[in-house]
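Report on the following structure.
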Amino acid sequence: MLRKTILGILTLGVVAASCNNDDDAGNVITESNLTLNLSGLEDLGADYLYEGWVIVDGAPVSTGTFSVNASGELSSSTFTLKTETLNAATAFVLSIEPNPDTDPSPAATKILSGEFGDANTATVGLTPVGDGDFLDSAGSFFLRTPTDEAMGDPNNMNDHYGVWFGTPGAPPTASLVLPKLKDGWKYEGWVVSQGVPISTGTFTTGDVADDNAGASNGFSETASNGPMLPGEDFFRNAPTGVTFPLDVREQTVVISIEPSPDNSAAPFLLKPLVGTAGMKTAPETYQFDLNSGSFPSGSVSR
């Protein structure tokens, strides 16, 4: 009788364990890896991080944050998520987020994205930055100092101290061919002198004055004495380490795409247009070259 009782208890224990395992099996949450294979990203400094997102049913789900060192290496390239979430994801987006970040939603500064479709790998590109891929970007610039001329000296013989993005004339006209930027981004002009990049100001379109016009941190351009173009004359308010007036001849001229708000006073990694000024001032014009090598790229696999 005692033997039967013990066997009965053991049998009940096996049945109970079997039921518990079945319950657990029904609630098991499996996980899978999302792997980033990205190149061309840069160090954002201590105040910003990159954050990945997968889009599931139209909503963003964070895949985690990472930084990039001076060599372009990601601090982490593999992230673990629920398998169900990854299988349902239709796209991947990479954003630039403040550090620390109090907002659980993606910032407006989205830099890369790609769609999975029916595949397990998404090729990512600059689609979140502008309405286009930037491969048709083009334009020209000229050397002239219209702010000095506006002050009553049309024959100042110092046009090599200014650079403007457009075609010279009376009035000068816009020449930049650039996609319209999405929220979170602005264009910025630069002259690189002796290795030091000097901003000419931020802008969103090439047929209006840039944000330096009339700004307290501007150089010589006021709200009314420059043309309706992005650009700058370098006469006053020189940045630390730079001597004005600045001779732009034979210097590198750059158009970059900057996060807004900006993470750094230096040019961001996206530099679609780069040119070199010659020795002649306006009416001579100089063409920008497409700098597609500055565009980050890669793929994301689930």
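The values are calculated or read from the model by the stated rules, or taken from the named source; none is laboratory data. On a predicted model such as this, the values are computed, not experimentally measured, just so you know. Positions of Cβ are generated from backbone atoms using ideal geometry, with glycine treated the same way; all protein chains shown enter the neighbour counts. Side chains included, ligands, DNA and RNA excluded: accessible areas come from the protein's heavy atoms. Shrake-Rupley method; radii C 1.70, N 1.55, O 1.52, S 1.80 Å.
Check whether at least one residue in segment 78-94 is of a type in the set (Gly, Ala, Ser), open to solvent by less than 50 Å² (accessible area, probe 1.4 Å), over 23 Å from residue 118 (Cα atoms) and in contact (Cβ under 8 Å) with a residue 40 or more places away in the chain, and report yes or no. No - not one qualifying residue is present in segment 78-94. Taken over segment 180-190, residues that are crowded, with 18+ Cβ neighbours inside 10 Å, farther than 13 Å from residue 260 by Cα and in contact with an Asp or Glu (Cβ under 8 Å, 6 or more places away or on another chain) amount to 1.
When segment 243-302 is examined, which residues are found to be on the phi > 0 side of the Ramachandran plot and open to solvent by 40 Å² or more (accessible area, probe 1.4 Å)?
Taking segment 243-302 and keeping what is on the phi > 0 side of the Ramachandran plot, we get 250, 298.
250, the sole residue that qualifies.
Checked against (1) surrounded by 19 or more Cβ atoms within 10 Å (Cβ to Cβ); (2) touching a residue at least 60 places away in the same chain (Cβ under 8 Å); (3) touching an Asp or Glu at 6+ places or on another chain (Cβ under 6 Å), residue 130 passes all but a single condition, namely (3). Going through segment 285-300 one residue at a time, which ones are among the hydroxyl-bearing types (Ser, Thr, Tyr) and in a helix (DSSP H, G or I)? The answer is 292, 294. A search for C-beta distances below 6 Å between a residue of segment 277-302 that is over 28 Å from residue 90 (Cα atoms) and in contact (Cβ under 8 Å) with a residue 12 or more places away in the chain and any residue that is surrounded by fewer than 19 Cβ atoms within 10 Å (Cβ to Cβ) and of a type in the set (A, V, I, L, M), counting only pairs 6+ apart in sequence or on different chains, returns 289/274; 291/274.
Across segment 154-172, the qualifying residues are those that are under 24 Å from residue 136 (Cβ atoms) and in contact with a Leu (Cβ under 8 Å, 6 or more places away or on another chain), and the one among them that is surrounded by the fewest Cβ atoms within 10 Å (Cβ to Cβ) is 172.
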